[in-house]
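Enquirer: Below is one structure. I have some questions about it.
The values are calculated or read from the model by the stated rules, or taken from the named source; none is laboratory data. These numbers come from a predicted model, not from an experiment. Cβ placement follows ideal geometry from the backbone for every residue including glycine, while neighbour counts extend to all protein chains displayed. Heavy atoms of the whole protein, side chains included, go into the accessibility calculation; ligands, DNA and RNA do not. Shrake-Rupley method; radii C 1.70, N 1.55, O 1.52, S 1.80 Å.
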Amino acid sequence: MGANSKSLFFTFQFLFFTFFLFAQKIDDPGLYNDFVVGEQKKVINKISNYTLVSVHEEGKDLSAVRKDVLRQLDESINRLKGLSTIKGDHEFKTEAINIFELLKESFTKDFTEIDALSKSKDDSFTAMQRLFMAQDKIDTKIQTLGNKFLDAQNKFARKYKINLKENTDPDPLLGINDINKYSRQMYLEYFRVYAANADFLNAMNQQQTVDIANKRKEVINSATLALNNISNTPKHKGDLVYKEKTYQLVVFHKNLASKEYLELEKIILKKEKMVDQDVESFNAIINKMNNDTQAKLDEFTSAQRDFLKRNIPKSALN
């Protein structure tokens, strides 16, 4: 046998071994169910790990963690494709594969959209709202697909008379989704005021005397709306101070716009009539405002971080 034939022989052996390794034939419905569910659990663990890393390892590049999710999805899809049908019935297996394919699509297409929104230089309230809506959309899609998998499993169990153990543990992904959604709701109300506040400060720095009064009033209006929305949002059971600190930060900005910003506005509108005392008063207000704002913002940021880390602990999915 020549060298080429020998290489071909070993290649054939390797391919046969690979096929044998991944081809699975399970005739027992209970074991068949366990195999498919086992792949689902691997996927859930990877998706949940993505969330845990995003919460507990701030600033970390999540692209590698997302690739780990995609790698697990590919492995699970291939393992299910290599699973023989049971008594000619491929419905459960096919449904699981379809669900994993949709998850894979979400972790590529949908996350690409989020990356683009996150890196956008548009820091308007509308842009932030679009980002959070995209994140909520992914969370909802993952949960919906999870429910769809459970329906397929229950249908398979009824057909083959499998007694499934009742799962009394709460769905970890559902709990995480609720926590993330609540956190985004609070942050978005603060950001509503932040965006209006940034517009006012920009107008003030450029001494846009025509717009400055309207921009200041917009801060007050945005804060009023935000306070109403925060008040009407039920407090999450795991929230100690996050909602309170969000409310306080918005009240702080509303008070700034009603008092300090009004004083700044009056000084700027003096234009050429401005005297040294006006400049001193202007700078004193700015310095105090910056210090107080940073203190309030630090309290808010700390409360948000504590809320997420306490309610999504590293051990949540162990």
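Enquirer: Of the numbered conditions (1) open to solvent by 80 Å² or more (accessible area, probe 1.4 Å); (2) closer than 28 Å to Asp306 by Cβ, Ala223 fails exactly one; give the number of that condition.
Expert: Result: Ala223 fails condition (1) only.
Conditions (1) farther than 20 Å from Arg216 by Cβ; (2) open to solvent by less than 40 Å² (accessible area, probe 1.4 Å); (3) in a loop (DSSP other than H, G, I, E, B); (4) free of Cβ contacts under 8 Å to residues at least 12 places away in the same chain, marked per residue:
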residue	(1), (2), (3), (4)
Ala257	no, yes, no, no
Leu264	no, yes, no, no
Glu272	yes, no, no, yes
Asp278	no, yes, no, yes
Asn287	no, no, no, yes
Asp306	yes, no, no, no
Lys309	yes, no, no, no
Pro313	yes, no, yes, yes
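Enquirer: Quick check, is Glu244 of a type in the set (Asp, Glu) and either touching a helix residue (DSSP H, G or I) at 6+ places or on another chain (Cβ under 6 Å) or modelled with pLDDT of 95 or more (or both)?
Expert: Working: of a type in the set (Asp, Glu): yes; either touching a helix residue (DSSP H, G or I) at 6+ places or on another chain (Cβ under 6 Å) or modelled with pLDDT of 95 or more (or both): yes.
Taking the combined requirement at face value, the residue satisfies it.
Enquirer: Follow-up. For the range 1-104, which helices (runs of 4 or more DSSP H) that fit wholly inside it have 2 or more residues that are at pLDDT 90 or above? Even if it seems obvious, please write down each step before you answer.
Expert: Numbers: elements: 3-22, 29-56, 63-81.
Fully inside the range 1-104 and qualifying: 29-56, 63-81.
Enquirer: On the given criteria, is Thr126 open to solvent by 60 Å² or more (accessible area, probe 1.4 Å), assigned to a helix (DSSP H, G or I) and within 22 Å of Ser76 (Cβ to Cβ)?
Expert: On the way: open to solvent by 60 Å² or more (accessible area, probe 1.4 Å): yes; assigned to a helix (DSSP H, G or I): yes; within 22 Å of Ser76 (Cβ to Cβ): no.
No.
Enquirer: Another question about this same structure. Does at least one position in the range 92-99 carry a residue that is touching a residue at least 60 places away in the same chain (Cβ under 8 Å), farther than 24 Å from Lys314 by Cβ and in contact with a helix residue (DSSP H, G or I) (Cβ under 8 Å, 6 or more places away or on another chain)? Even if it seems obvious, please write down each step before you answer.
Expert: At the first step, the residues of the range 92-99 found to be touching a residue at least 60 places away in the same chain (Cβ under 8 Å) are 92, 96.
Remaining after also requiring farther than 24 Å from Lys314 by Cβ: 92, 96.
With in contact with a helix residue (DSSP H, G or I) (Cβ under 8 Å, 6 or more places away or on another chain) added as a condition, the list becomes 92, 96.
Checking the range 92-99: at least one residue is touching a residue at least 60 places away in the same chain (Cβ under 8 Å), farther than 24 Å from Lys314 by Cβ and in contact with a helix residue (DSSP H, G or I) (Cβ under 8 Å, 6 or more places away or on another chain).
Enquirer: Go through (1) open to solvent by 90 Å² or more (accessible area, probe 1.4 Å); (2) assigned to a helix (DSSP H, G or I); (3) of a type outside the set (Gly, Ala, Ser); (4) over 30 Å from Glu218 (Cβ atoms) for Ile138 and report which single condition fails.
Expert: It is condition (1) that Ile138 fails.
Enquirer: If you don't mind, another one. Out of Ile220, Ile179, Ile230, which single residue is at pLDDT below 95, β-branched (Val, Ile, Thr), part of a helix (DSSP H, G or I) and within 30 Å of the chain's Cα centre (by Cα)? Reasoning before the result, please.
Expert: Values: Ile220 fails: at pLDDT below 95; Ile230 fails: at pLDDT below 95.
After ruling out the rest, the residue left standing is Ile179.
Enquirer: Asp298: among the charged types (D, E, K, R), outside any helix (DSSP H, G or I) and within 30 Å of Asn49 (Cβ to Cβ), yes or no?
Expert: No; evaluated as a whole, the condition is false for this residue.
Enquirer: Determine if the range 176-192 includes at least one residue that is surrounded by 17 or more Cβ atoms within 10 Å (Cβ to Cβ), closer than 30 Å to Glu39 by Cα, in contact with a helix residue (DSSP H, G or I) (Cβ under 7 Å, 6 or more places away or on another chain) and not aliphatic (A, V, I, L, M).
Expert: Yes, the range 176-192 contains at least one residue that is surrounded by 17 or more Cβ atoms within 10 Å (Cβ to Cβ), closer than 30 Å to Glu39 by Cα, in contact with a helix residue (DSSP H, G or I) (Cβ under 7 Å, 6 or more places away or on another chain) and not aliphatic (A, V, I, L, M).
Enquirer: Take the residues in the range 226-244 that are of a type outside the set (S, T, N, Q) and free of Cβ contacts under 8 Å to residues at least 24 places away in the same chain; name whichever of them is surrounded by the most Cβ atoms within 10 Å (Cβ to Cβ).
Expert: Quick first cut of the range 226-244, residues of a type outside the set (S, T, N, Q) only: 226-227, 230, 234-244.
Among the residues that remain, those that are also free of Cβ contacts under 8 Å to residues at least 24 places away in the same chain are: 234-235, 237.
On the way: Pro234: 8, Lys235: 13, Lys237: 8.
That would be Lys235.
Enquirer: Working only within the range 105-123, note down all residues that are open to solvent by 40 Å² or more (accessible area, probe 1.4 Å) and part of a helix (DSSP H, G or I).
Expert: Residues of the range 105-123 open to solvent by 40 Å² or more (accessible area, probe 1.4 Å): 105, 108-109, 112-113, 115-123.
Residues satisfying the conditions are Glu105, Thr108, Lys109, Thr112, Glu113, Asp115, Ala116, Leu117, Ser118, Lys119.
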